[in-house]
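Asker: Here you go, one structure.
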Amino acid sequence: MIRKRSITLHGHRTSFSVEDAFLDELKAMATERSLPLAALIAEIDETRPTGANLSSALRLRVLEWLKSTKRRDN
């Protein structure tokens, strides 16, 4: 199920919408890197292309991370 979530990035309140499964993977990514979830989301926000949607950027980063994890495991 897709849910809208709110977070403060760079002192401004913003929202993003992702499915619970994507949020679970974002939390796993943050844990693996010993980062708070908000710090990981801020990093993704800072590196996304201009005009790119934050929700899409989050999903794409999860996909990238899962693909790289799969390659490491093989």
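Asker: Please determine, in degrees from 0 to 90 and to the nearest 10, the orientation of helix 54-73 with respect to the longest principal axis defined by the Cα atoms of the chain, where the helix direction is its Cα long axis.
Answerer: Helix 54-73 sits roughly 10 degrees off the main axis of the chain.
Asker: Working out 0.36 nm times the residue gap between residue 27 and residue 52, then minus their Cα-Cα distance, what length gain in nm do you get to one decimal? Numbers along the way, then the final one.
Answerer: Values: separation 25, 0.36 × 25 = 9.00 nm, distance 2.15 nm.
Once the chain is fully extended between residue 27 and residue 52, it gains 6.9 nm.
Asker: Provide the per-residue ³J(HN,Hα) series for region 21-30, in order, calculated from phi with Karplus coefficients 6.51, -1.76, 1.60 and θ = phi - 60°, each as a whole number of Hz, with x at glycine and proline positions.
Answerer: Each residue's phi maps through the Karplus curve to give 4, 5, 4, 4, 5, 4, 5, 5, 4, 4 Hz.
Asker: Using the Karplus curve 6.51 cos²θ - 1.76 cosθ + 1.60 with θ = phi - 60°, work out ³J(HN,Hα) for each residue of region 31-47 in order, rounded to whole Hz, and write x for Gly and Pro.
Answerer: Per-residue couplings from phi come out as 4, 4, 9, 6, 10, x, 4, 4, 5, 5, 5, 4, 4, 5, 4, 5, 9 Hz.
Laboratory data are not the source of any read-out in this text; all were calculated from the coordinates shown. In this text, all values refer to a predicted model and were calculated from it rather than measured experimentally.
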